[in-house]
Amino acid sequence: MKSQLKNIHPLSWTIILGSIFGRMATSMSIPFLSIYLIKTMGASASQTGIVVAVSSLIGVFASFYGGYISDIIGRKKVLLISVFGWALVFIGFAVADEIWIFFVVNALNGLCRAMFEPTSRALLADITPQESKLLVFNLRYAAINLGVVFGPILGLQMGASGSNWSFVIAGIVYLFYGVTLIIQFIRYPELGTATSSSSEQVTLMGAFRAVSGDRIFMCVLIGMIFCVLGYGHFSSTLAQYMEMSPTIEDGAKWFSYMLSLNAIVVLACQFPVVKYASKLPPVIPLILGSVFVSCSLLLFGIFQSLIGLMVGVVLFTIGEVLMFTMTDVLIDRIATTELRGTYFGMIGFNNLGNVMAPLLGGFLLDALGVDSSVIIFTIIAVTSAFGIPFLLSANRIMKRQ
């Protein structure tokens, strides 16, 4: 472990530490967006679902291009453009005073995230020795969740469900993150450049055909869409349900505690779970994670006590860790070197699940009413498990190879 830590590049540490503060800033504002729109802007559940979903919808299509373009023009340019754009996006949230403006700004939020996330993960893969990649990817994931431990609590204290100050602070954090990246790229100018010469570069359609023709990858991608569908209900449907339910008092406060518990459980169980999961065939942890998430969604619909909801959060978090800690390593194993950014970008299509989650959840809440929580969460739990057959198929193909 110590030798692997010494092998981690300073730029990798910058991305890992930046993930702490970036996700802290994001999680003290974005998770409360649904509640803010309903409580402050007077939006309906369906309107809120549309505003929340557009970020993921844009991200679905932009992530592939973001990963591809980072292979062509270099990770450095894509990272810097997207991180400074992200800073402006959060300032946009702070000054928005109409629902349609929130829609536009959240679309740009999805664009920046879709450009930054696959590019940063591809860069980590580029500059990390093979034997240290699992550690680096999981340090990044732990850093994200460390930020989420404190972000919702800070957001609650700042009144994020009814105030725009959390968006301003998030914008400032991403501005400093961008400046730090500039300093590191000045120190290491050879990093983040294009991975291939112009004569070796694959066209956008050529890259798309190459990746979409990979049977294992496509089965994993389709399965992950449904995994992310289940995961997406936590920050969208569940958040709206907590705010709207007449039997849950101070739902925003409860939800912030649930977000923090989610992050704490991730930090507590991530490395033991990863140690266990790394001994399994690489697709199996995703299957187990999908089962845990689906079961947790059922619990959210059945229980209305804080203890019951917290038990659901623990199950949900174990499923989350199983699904997402091994994904980057799996994609890195499947991907070819010259199309690594494209593969990491293409897996961003799993955000179709994040698009569908608030739309499906918002529709069910409006159509059935918040009192029908058992029916609503049973429906979303079952649909979230639809990806398991595709993941089983990917596992069978990998066994034959």
Simple spin-label estimate for V311/K279, 7 Å along Cα→Cβ, in nm, reads 2.8 nm
Nearest 10 degrees, 0 to 90: what angle lies between the long axis of helix 10-27 and the longest principal axis of the chain (Cα atoms)?
-> 10 degrees
Over 35 Å, how big is the tail of the calculated P(r) for the stretch 8-400, in percent of all Cα pairs?
-> 20 percent
Here, I375 and F271, labelled 7 Å along Cα→Cβ, have an inter-label distance in nm of 4.8 nm
Size of the stretch 90-196 along its principal axes in angstrom, Cα-based, largest extent first?
-> 46, 29, 23
List, largest first, the extents of the alpha carbons of the stretch 311-358 along their principal axes, each in whole Å.
-> 44, 23, 10
The stretch 326-359 and the stretch 1-79: distance between their alpha carbon centers, rounded to Å = 14 Å
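What value, in deg cm²/dmol to 500, does the helix sum -39500 (n - 2.57) over DSSP H runs of n ≥ 4 give at 222 nm once divided by the residues of the chain?
-26500 deg cm²/dmol
Using only the C-alpha atoms of the stretch 14-61, find the volume of their convex hull and express it per residue in Å³. If you can, show how the numbers build up before the last one.
On the way: hull volume 3.5 nm³, N = 48.
Given the Cα convex hull of the stretch 14-61, per-residue volume reads 74 Å³.
Strictly greater than 22 Å: what percent of every Cα pair in the stretch 245-388 meets that?
Values: 4815 of 10296 pairs.
The calculated P(r) of the stretch 245-388 puts 47 percent of pairs beyond 22 Å.
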Relative contact order for the chain: what is it in percent, counting Cα pairs under 8 Å that are at least 6 residues apart?
-> 29 percent
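In percent, what relative contact order does the stretch 239-329 have, based on Cα pairs under 8 Å that are 6 or more apart in sequence?
Numbers: 93 pairs, mean separation 32.5, N = 91.
Result for the stretch 239-329 is 36 percent.
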Using alpha carbons only, what's the Rg to Rh ratio of the stretch 197-317 with Rh from Kirkwood?
-> 1.12
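Sort C227, C112, C219, C269 so the one with the fewest other Cβ atoms within 10 Å of its own Cβ comes first.
Numbers: C227 32, C112 25, C219 22, C269 16.
If I rank by nearby Cβ atoms, fewest first, I get C269, C219, C112, C227.
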How far apart, in nm, are the 7 Å Cα→Cβ label points at Y188 and E131?
-> 1.9 nm
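Once you have the Cα-Cα distance between W13 and E98, take 0.36 nm times their residue separation minus that, and quote the gain in nm to one decimal. If you can, show how the numbers build up before the last one.
On the way: separation 85, 0.36 × 85 = 30.60 nm, distance 3.89 nm.
Fully extending the segment from W13 to E98 adds 26.7 nm.
Every number here is computed from the coordinates shown, using simple stated rules; none is lab data. Treat the numbers as computed from the prediction; the structure is a model and nothing was measured. Virtual Cβ from ideal backbone geometry, glycine too; neighbours counted across all protein chains shown.
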